[in-house]
2 protein chains.
Amino acid sequence: MALIVQKYGGSSVGTVDKIKRIAQKIKGYRDNGDQVVVVVSAMGGETDRLQGLADELESRPIAREMDVLLSTGEQVTISLLSMALRHAGVSARSFTGWQVPIVSDDSHGKARIQSIDPENLRSALDDGDVTVVAGFQGVTENNEISTLGRGGSDTTAVALAAALGADECQIYTDVDGVYTTDPRVVSGARRLEQITFEEMLEMASLGSKVLQIRAVEFAGKYGVPLRVLSTFDDGPGTLITLENQVEEPIISGIAFTKDEAQLTVLGVPDRPGIAYALLGPIGENNIEVDMILQNVSGDSSSDFTLTDFTFTVHTRDFDAAKELLEKSAKDLGARDVSGQAGIAKVSLVGVGMRSHANVAARMFKVLANENINVRMISTTEIKISIVIETKYLELAVRALHDEFELDEEPKKVESELTPSADQG
Amino acid sequence: MALIVQKYGGSSVGTVDKIKRIAQKIKGYRDNGDQVVVVVSAMGGETDRLQGLADELESRPIAREMDVLLSTGEQVTISLLSMALRHAGVSARSFTGWQVPIVSDDSHGKARIQSIDPENLRSALDDGDVTVVAGFQGVTENNEISTLGRGGSDTTAVALAAALGADECQIYTDVDGVYTTDPRVVSGARRLEQITFEEMLEMASLGSKVLQIRAVEFAGKYGVPLRVLSTFDDGPGTLITLENQVEEPIISGIAFTKDEAQLTVLGVPDRPGIAYALLGPIGENNIEVDMILQNVSGDSSSDFTLTDFTFTVHTRDFDAAKELLEKSAKDLGARDVSGQAGIAKVSLVGVGMRSHANVAARMFKVLANENINVRMISTTEIKISIVIETKYLELAVRALHDEFELDEEPKKVESELTPSADQG
């Protein structure tokens, strides 16, 4: 008997029929003797409908009242799913955020969970109930309704799993797991059986939008085993854990994003404060910056050292960022500003590269063989990212997928630490 | 400066535009220095939409979860109206049932209010906020969401007015007050300036569906001055009070209902328990009984006294009730069962008739003059009801309206008890 937290997103509960199907799925776990906590989002489209009503007011939304409004979406789902479960012969009980209670700070619209008292849920679980909890919402210490922001239901599920000491937190989505790369680009892309939290964070932030980053961080922090799997197809999905127990590849996956733009300030006098002088105005205008690089330009014709400063933004922010940058560059006495929109970023992600020094070399060799020019390079302990022209994106991803044999199942680790009882 | 509780029903808040108009109306009271508590229903159609989702489950609804579902309707309205008020420059704050808190018993779907702690509302009012409260809902002692049943928003408003000691409870509807009778039947029907709680109860239960009966009972019990008025037309509406201070008519109004059916058991042996034996099976089949009459039939040919037992039901229940009654009548040894569907009930209502003994005589004279046969008569201290054939309904109502001069403004009462300061 295991204690499992399951989370179903908006598209999984988009219609009453789908809610009925999920009830059958949950019944399977109960019949197996598991205790189940279900976290649900609003029915697909409902949050947009509610937002639309607020938009009709044509006034600036009031954060406190928007939370009162939007939190009704999940409340509708918990009641319908609880009724569907009861109809399927499964004893069930719904919980809003305040009924759990899930206590958050008072940052309405983007609140953070501060504490969860698991006693009410535990008591219902001990009574044999499936507990159906509204995701995305909490209650402040002043008894006000809060929401965790869009996608916050993943975080709710992980936080509940941590508070209850659950055996596994299952995130049901419309994909059947995390892949080595986008299957639409590389036909040989393979579902990963396992991936570490660190790798998942790099994959998620790089565009493989399966899970909310905050939820993965939270799960990693509290050591909650997280599994991504498909709502309506059977299959084991992908398990996200602290240590990869099953397979040990060098590279776990290849993430990529298009629509990036690169901006470079050439020949900036290298003195303290220039990064802030250049990026400050960008941030103040709510433009998000991705990669940041700084190189000494080695201009020997000058009395003092000059540097080149480069960063990337989304293509939609390119013109605005360039204009701001040209002003700052002039004030700083920089030589020039150059830019290039429509570029792409490709990242190799894998904890295995920690112990494999030649990963970068193999990567650059592959790109050289394909005549792909690398515009920027940035690395972390478990990731190498490069920026290239968008037209080479698919070519690069496929070549790298081949080079690191990501289409092949990795060998199983024959660990003596794994007791054979776990195989059953 | 007065403390006013206002209630707006589903059609008054049916669209975002209407919510904006109500915000302007409330602003008028605030600008006048009044403190305002607003109680709102779900947006028109929303409760039916939510009910429809539950119906799609094709399972018996679970009362506890239906309350979780339906209570979201009012929660949407309080958030939208609070935002609309803030946009109109009026400081406002929303309250769900549990946030007030409005504590109810745990009869889900038809809960009764047990207590209201007014401190949170009072504190917000003292801060200068308009408080916007979700009608129709409460919270049980176990922190479960309850609903007071359809139309319960009127009761919420009256209960809040009582708990806060409000100066007036205003119920906004799509009519501009309580009329002497239905204006569609009698063109001279006149809006009443005042009516007593007792009269209003008789009027409401007899088909003048302006207010929920429970709300009127509640207001009468706690002496809360209640005013019925129109949401989108200006005007003073009708004030419902303990004592009629302004006018003293003999008759306040004429209520009527169609679609009644009369059932009579003839010649029942008159012994204890026959009423229960006849009505028990009717009630068990959820058939609502209206008037009940029993007359000794005076059948002198028998050894023991016989009685005739008559009651009315809605026409839709006529066949089912007749079938049940025929079985019971046979068991009791009654002589026969007769029935008549498609009859109508007309009631004169007025506290003034207490001191005017000849009201009944005048009523029957009018009906006799019009050749209308009276099938049943039933009286209370402030009401005389008769049952007649439906085809005579309009004729009877118009003739009675004329006879009691209901189209004329009653004379003002020149009471020495009314201090002249009240006139200002």
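The values are calculated or read from the model by the stated rules, or taken from the named source; none is laboratory data. What you see is a predicted model; the values in this text were computed from it and never measured. As a convention, Cβ positions derive from the backbone with ideal geometry for all residues, glycine included, and neighbour counts pool all protein chains shown. Just the protein is used for accessible areas: all its heavy atoms, side chains included, with ligands, DNA and RNA removed. Shrake-Rupley method; radii C 1.70, N 1.55, O 1.52, S 1.80 Å.
Comparing Cα centroids, the stretch B:319-390 and the stretch A:321-380 end up 93 angstrom apart. Nearest beta carbon of chain A to the A-to-B rotation axis, with distance in whole angstrom: A:THR72, 2. What translational D, rounded to a whole number of µm²/s, comes out for the stretch B:30-128 from Stokes-Einstein when the hydrodynamic radius is the Kirkwood one over Cα pairs, at 10 °C and 1.306 mPa s? Here the translational diffusion coefficient equals 103 µm²/s. Which one of B:VAL186, B:SER107, B:THR156 is farthest out on the positive end of the charge dipole of chain B, using unit charges on Cβ (Lys, Arg +1; Asp, Glu -1) and the Cα centre as origin? It is B:VAL186, whose Cα lies furthest towards the positive end. Shortest first, A:GLU381 label-point distances to identical copies amount to 8.6 nm, with the label point at 7 Å from Cα along Cα→Cβ. Inter-copy label distances at A:ARG184, shortest first and taken from points set 7 Å along Cα to Cβ: 5.7 nm. What is the diffusion coefficient of the protein assembly as shown in µm²/s, taking the Kirkwood radius over Cα pairs and the Stokes-Einstein relation at 25 °C with a viscosity of 0.890 mPa s? The diffusion coefficient I find is 75 µm²/s. Taking a Cβ cut-off of under 10 Å around B:LEU400, the surrounding Lys, Arg, Asp and Glu residues balance to a net charge of -1, with basic ones at +1 and acidic ones at -1. With θ taken as phi - 60° and the Karplus curve 6.51 cos²θ - 1.76 cosθ + 1.60 applied, the whole-hertz 3J(HN,Hα) list for the stretch A:11-24 is 6, 6, 10, x, 9, 5, 4, 5, 4, 5, 5, 5, 4, 5 Hz, x standing for glycine and proline.
For the stretch B:3-173, the Stokes-Einstein estimate of translational diffusion at 10 °C and a viscosity of 1.306 mPa s comes to 101 µm²/s, using the Kirkwood hydrodynamic radius over alpha-carbon pairs. Largest first, the extents of the alpha carbon coordinates of chain A on the three principal axes equal 80, 60, 33 Å.
Counts of other chain beta carbons within 10 angstrom of each beta carbon in peptide A:278-285 average 0. Dipole size of chain B about its Cα centre, with +1 on Lys/Arg Cβ and -1 on Asp/Glu Cβ: approximately 460 debye, rounded to the nearest 20. If R0 is taken as 35 Å, the Cβ-Cβ distance between A:ASP233 and A:SER107 corresponds to a FRET efficiency of 0.40. Farthest toward the positive end of the dipole of the stretch B:3-173, out of B:GLN170, B:THR96, B:ILE19, is the Cα of B:ILE19, where the dipole comes from beta carbon charges about the Cα centre.
With θ taken as phi - 60° and the Karplus curve 6.51 cos²θ - 1.76 cosθ + 1.60 applied, the whole-hertz 3J(HN,Hα) list for the stretch B:40-51 is 10, 8, 5, 4, x, x, 5, 4, 5, 4, 5, 4 Hz, x standing for glycine and proline. Mean projected area of the Cα convex hull of the stretch A:319-410, taken over all directions, amounts to 7.9 nm². Chain A and chain B together bury an accessible surface of about 3600 square angstrom, both sides counted, with a 1.4 Å probe and no ligands or nucleic acids included. Here's how it looks for B:GLN137: its modeled amide H is under 5 Å from those of B:LEU148, which are all 5 or more places away or on a different chain.
Sorted from nearest, the other copies put their B:ALA277 label points 10.7 nm away, the label point being 7 Å from Cα in the direction of Cβ. Rounded to 0.05, the FRET efficiency of the B:THR315 and B:ASP402 pair, given R0 = 22 Å and the Cβ-Cβ distance, is 0.15. DSSP assigns beta bridges within the protein assembly as shown; of those with both partners inside it, close to 65 percent run antiparallel. Take every Cα pair under 8 Å whose residues are at least 6 apart in sequence, average their separation, divide by the length of chain B, and the relative contact order is 13 percent.
Placing +1 on each Lys and Arg Cβ and -1 on each Asp and Glu Cβ, with no other charges, gives the stretch A:1-143 a dipole about its Cα centre of roughly 580 debye.
Simple point charges give the picture: +1 on the Cβ of Lys and Arg, -1 on the Cβ of Asp and Glu, and for the protein assembly as shown a dipole about the Cα centre of about 720 debye. The portion of the accessible surface of chain A made up by carbon and sulfur, rounded to a whole percent, is 45 (1.4 Å probe; DNA, RNA and ligands excluded).
In the full protein context, the protein assembly as shown carries 45 Å² of accessible surface per residue, based on a 1.4 Å probe and ignoring ligands, DNA and RNA. Here the stretch A:254-403 is described by how far its Cα atoms reach on the three principal axes: 48, 34, 27 Å, from widest to narrowest. Across the stretch B:254-403, C-alpha contacts under 8 Å between residues 6 or more apart give a mean separation that, scaled by the residue count, equals a relative contact order of 29 percent. Taking 32 Å as the cut-off for C-alpha to C-alpha distance, list the pairs among B:LYS330/B:LYS383; A:LYS18/A:LYS110; B:LYS327/B:LYS383 that go past it. Cα-Cα > 32 Å for B:LYS330/B:LYS383; B:LYS327/B:LYS383; rest within. Residue-wise HN-Hα couplings along the stretch B:103-116, as the Karplus relation 6.51 cos²θ - 1.76 cosθ + 1.60 with θ = phi - 60° gives them from phi, are 8, 10, 6, 9, 7, 4, x, 8, 5, 10, 5, 9, 7, 10 Hz; Gly and Pro carry x. Cross-link check: pairs A:LYS7/A:LYS345; B:LYS20/B:LYS258; B:LYS7/B:LYS221 evaluated at a Cα-Cα cut-off of 27 Å; pairs beyond the cut-off: A:LYS7/A:LYS345; B:LYS20/B:LYS258.
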